Amino acid sequence: MNREFEARFTAILLALLTVAAALFAGFNYKIEHQSAIPDDGAWWMERNSHLVADRLEPNGPAERAGIRRGDAVVSINGRAVDSAGAVTRQLYYSGVWSKATYSLIRGSVPLDVEVVLVPADRSSNDWLRLIALIYLGIGLYVLLRRWTAVGSTHFYIFCLVSFVFYSLHYVGKFNAFDWTVLWANEVAWLLQPALFLHFVLTFPERRDFVNKHRSSIPLLYLPGTVLLGVQILALEYLKASARLRFELERVHWAYLTIFFVSAAAVLWRNYRQATTPILRQQLKWITRGTILAITPFTLCYVLPYLFGVMPSPTMKVSVLSLGLLPLTFGYAIFRYRLMDVDLIFKRGMAYTLAAAAIVGVYFAGVAAIALLVNTRVPSSGPYGLMVAIVVTALLFDPVRKWIQEKLDQFFYRTGYDYRRTLIEFGRELSSETDLDKMLSSLVDRLARTLLVDRIAIFLGNSDSSRFELSKSFGIAHVTGLDLSFLAKPRIEDAVGHIFFENTHQLPRENATAQEAIRRLDLNYYIPCHARQKTIAFLGLGKTMQGDFLSSEDVELLEALAGYIGIAIQNGRLYASLEQKVSEYERLKDFNENIVESINVGVMAVDLQDRIESWNSQMEVMYAQPRWQVVGRSLSEVFPAAFVEEFYRVRQNPGIHNLYKFRLGTPTGESRIVNVAMAPLVTRKFNVVGRLVIMDDITERIELEVQLTQADKLSSIGLLAAGVAHEVNTPLAVISSYTQMLAKQLQSDPQKAGLLEKITKQTFRASEIVNNLLNFSRTTGTELTEISLNKVIADTLALLEHQFKVAHIQVQSELYENLPLIQGNSGRLQQVFLNLFLNAKDAMSSGGVLNVATLNGEFVSVRVSDTGSGIAQEHIQRIYDPFFTTKTSPADGQNRGTGLGLSVTYGIIQEHAGSIRVESRPGEGTTFTLDFPLIRKAVHV
């Protein structure tokens, strides 16, 4: 019970430590990549009451700024610094990519330099984290696969400590989390070498030196404990200088190197003294991996660092060699089952003793016969004894086989040659593609031919690591059997089959295997091979008379097993092929669905220009169903202009594009499409036709036109705002002085008339300026719920007299239950005023003005007149500022400013609406305005 509690407690503790280490490592990685540490490329050391540049990074910020080795820093950015920690604080105050002013003393000469701080290079930390993940993965694999094996827990602790050492790196913020990371890394640094040396001294068994000196294992952890105490004392109590921290770090690296080199020496000695092949193979990879991991790191990093060399890129690259250590352990585990040494040793000894006993009995019989010969023929002497032993030994096995064959032929003679029957049946097995039918036929034929009471076929998975009962005869329904005994290697593999004489007494098997073999009650397990791999086992019991099979039967079954293996392999391959065909059909349907679902037209044409494929988008765009066009020639379906372009580009290889091609459809519509024509090729790059892709961009072109119009209005609006504000001031002055003069010269009719004209033109210019201001206004308009019908009615009332004078009849068709919209009544009144006045000016000889409101997806207003209309070349420019056709106004008309429709367009955009125009010269013009409906929440 205590041991079980100890195991559970250890497992829970290791799980908690692993999760905590992984979380800390992930959070540390996130913080490190979110914050940059400023670095000046100099190593400042306290020396003779000064802070001196001891080393400079080649071509680093400090060296580029002109700092030299031996320069003493007095202050940074005007703040005094007297320690390396003070320098670090000032660097953080300045930040990355900022300029820091260093006040230096070179010899006795003071000088200032500006250093551009750069982010510290921490790229090597990511490679160390990769090594950490390798350590953790190898450790978890060993622990989960063989947690009861000798040394597995110790090895996992070593891997977990190594993961902490290589994955945690303090970022320099020194908050609570950063201090935790710093000390966790410090403890792991000091614990890893001792754990590794401890491991190699006790695995796979304790060394003689360790057995004699039990206290040697605890003493391994003493140097690390002392170094940890010194580190705590230096950092927490002595406020260590940069020089002291550097010396402590060198001691740490020396400690790590000495312990790892000692571990490599122990492994090398164990490898040289290993006696068993499996142990030598394991230790060979571990020893070589340890040496290959330690040597580059020691020679290229540790030794130069101990002699005061700053880490260079080459030195940092040598750290990657540490990754070889867990990789070699992993290879040894996967290749030679490193943690199964104890199990392999015990089984090996058992098999060796059993073989020795058999061999002993065999040679005892040989010696007895030889002694008998020597006794009967004493004159032969010792040479006769030796010859008798050799001859008897050589003849024993052939004689045994010959006798066995004769006995089998005598006792198991049948009325027909079933050997030939079974061999022919085995050859015919491959013709059956259904695996289930083939196995059923095999079981039935073997049961009738060999007259056995029990038959079973066990099929293996893809890697033959697990077997399951597939077909059986004479065996009751059994479930939950552990058939792992079939997958493990055995010494019987060389014989060609597994034989259990008594299925109820199996001392060499484990408990679950004993239960499975007892319930199956099969004496023979014959492997079926295919492609150098065991894919099935054929299990057989005794004959109906309770006898074992003859050697001839067994040899026949072993020969038949080859055919069975090939037949099973073929059945599986055929089933896999059927699955592939089914997947191919599904993939084909899926691809066709993609072609049918995309929003571009896809058409395939063969080499004779006949249409072979026509997707649903082509049906919608070209208004022709698939059944009407497939099989017809291209020239019969498409207009001559498109066919001409197709024939032109078809003569040239490669992909060709037609941009904004106007394509006429059978319904009379004209669509603007982008056309891509590419050769249709097979997997062998043979051209079998042409693939034509049509992208209908008619609506996109319309949107682009509207976008261009909006861009122009935006640009001109900014210009108009500036002009309007500049012109308003002099206009106000002119108007004021003109009115003052008019009052003074009322008695002079001639001059008063001139001043009145000046005043009218001033007001007209002011009106233009106000329109410009309205046009260029970019601030938001307060919107409320309003009725368009009321706004239209009010506007018509304002213009009633003007329409009457101009002989214009107004027809209003206002929808009674028109929904309200979000809008500004004053701004919208200006819109309708502009439209109504434009319509009045267009009907100089009178006419009809029709105003209608409609309700649908939008709230719409339609304004139609019977005037002169707008020329087609002017349609695209009517919203441009200052564009007007009223350059020569008729009587009663005002000269146009060209801003009415521009202002109207801007107001409509403010209301999230749209405006469209339809006009034909001489027939009138219709403006359609669409406003969005008010979206109200629905309460369920």
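The values are calculated or read from the model by the stated rules, or taken from the named source; none is laboratory data. From a predicted model like this one, the values you see are computed outputs, not experimental measurements. We place every Cβ from the backbone using ideal geometry, glycine too, and count neighbours over all the protein chains shown. Accessible surface areas use protein heavy atoms only, side chains included; no ligands, DNA or RNA. Shrake-Rupley method; radii C 1.70, N 1.55, O 1.52, S 1.80 Å.
Residue 760 versus residue 177, label points 7 Å from Cα toward the beta carbon: distance in nm?
8.0
Rank these residues by their accessible area, most exposed first, probe 1.4 Å: 179, 97, 189.
Sorted by accessible area, descending: 97, 179, 189.
In whole Hz and in residue order, list the ³J(HN,Hα) couplings for the range 122-133 that follow from phi through the Karplus curve 6.51 cos²θ - 1.76 cosθ + 1.60, θ = phi - 60°; x for Gly and Pro.
10, 5, 5, 5, 5, 5, 5, 5, 4, 4, 4, 5
For the range 597-678, what Kirkwood radius comes out of the mean inverse Cα-Cα distance, in Å?
Kirkwood hydrodynamic radius for the range 597-678: 13.1 Å.
If you roll a 1.4 angstrom probe over the protein chains with everything in place, what fraction of the accessible area of the range 438-574 belongs to carbon and sulfur, to the nearest %?
Working: 3210 of 6470 Å².
Percent of accessible area from carbon and sulfur atoms in the range 438-574: 50.
How about the range 435-530: which GluC sites (Glu not before Pro) there are in a DSSP loop, with at most 12 other Cβ atoms within 10 Å of their Cβ? Mind showing how you got there, number by number?
On the way: sites: 468, 492, 501, 509, 515; in loops: 501, 509.
Passing sites in the range 435-530 are 501.
Scan around residue 55 for amide H atoms under 5 Å from its own, H built in the peptide plane at 1.01 Å from N, and keep only partners 5 or more places away or cross-chain.
It is 43, by chain and number.
Once each part is reduced to its C-alpha centroid, what is the distance from the range 557-607 to the range 831-871 in angstrom?
What the calculation gives is 66 Å, centre to centre.
I need the phi-derived Karplus couplings for the range 606-616: 6.51 cos²θ - 1.76 cosθ + 1.60, θ = phi - 60°, integer Hz, Gly and Pro marked x.
7, 5, 8, 6, 9, 6, 10, 9, 7, 7, 5
So who's got an amide H within less than 5 Å of the one on residue 824, skipping anything under 5 residues away but keeping other chains? H placed 1.01 Å off N, in plane.
So residue 824 has HN proximity to 784.
Beyond 29 Å between alpha-carbons counts as too far, so tell me which of 471/542; 471/533; 533/684 fall in that bin.
533/684
Which of the pairs 712/760; 790/840; 437/588; 760/840 have their Cα atoms more than 26 Å apart in this structure?
Working: 712/760 32 Å; 790/840 21 Å; 437/588 30 Å; 760/840 22 Å.
Beyond 26 Å: 712/760; 437/588.
Once you compute Rg and the Kirkwood Rh from C-alpha atoms, what is the Rg to Rh ratio for the range 487-601?
Ratio value, two decimals: 1.29.
Amide H neighbours of residue 120 under 5 Å, counting only residues 5+ apart in sequence or on other chains, H built in-plane at 1.01 Å?
For residue 120, the qualifying residues are 37, 39.
Using Cα pairs closer than 8 Å and at least 6 residues apart in sequence, work out the relative contact order for the range 617-715, in percent.
Numbers: 101 pairs, mean separation 18.5, N = 99.
Contact order relative to length: 19 percent.
At a Förster radius of 25 Å, what calculated FRET efficiency corresponds to the Cβ-Cβ distance of residue 490 and residue 12, to the nearest 0.05?
Efficiency for this residue pair is about 0.10.
Give me the net charge for the shell around residue 618: Cβ to Cβ below 12 angstrom, other residues only, Lys and Arg +1, Asp and Glu -1.
Charge balance near residue 618 sits at -2.
Mind checking the full-extension length gain between residue 219 and residue 120? Use 0.36 nm per residue of separation minus the Cα-Cα distance, one decimal, nm.
Gain on stretching residue 219 to residue 120: 31.7 nm.
At q = 0.08, 0.16, 0.17 Å⁻¹, what is the base-10 log of I(q)/I(0) for the range 585-742 according to the Debye formula with one equal point scatterer per Cα and no solvent? Please give it to two decimals.
Reported log10 I(q)/I(0), two decimals: -0.40, -0.96, -1.04.
Taking θ = phi - 60°, what integer Hz values does the Karplus form 6.51 cos²θ - 1.76 cosθ + 1.60 yield along the range 863-868, in sequence order, with x for Gly and Pro?
10, 10, 9, 10, x, 6
Take every Cα pair under 8 Å in the range 569-671 that's 6+ residues apart, average their separations, divide by the length, and report that relative contact order as a whole percent. Show your work: numbers first, answer last.
Numbers: 83 pairs, mean separation 16.8, N = 103.
Averaging sequence separation for qualifying contacts and normalising by length gives 16 percent for the range 569-671.
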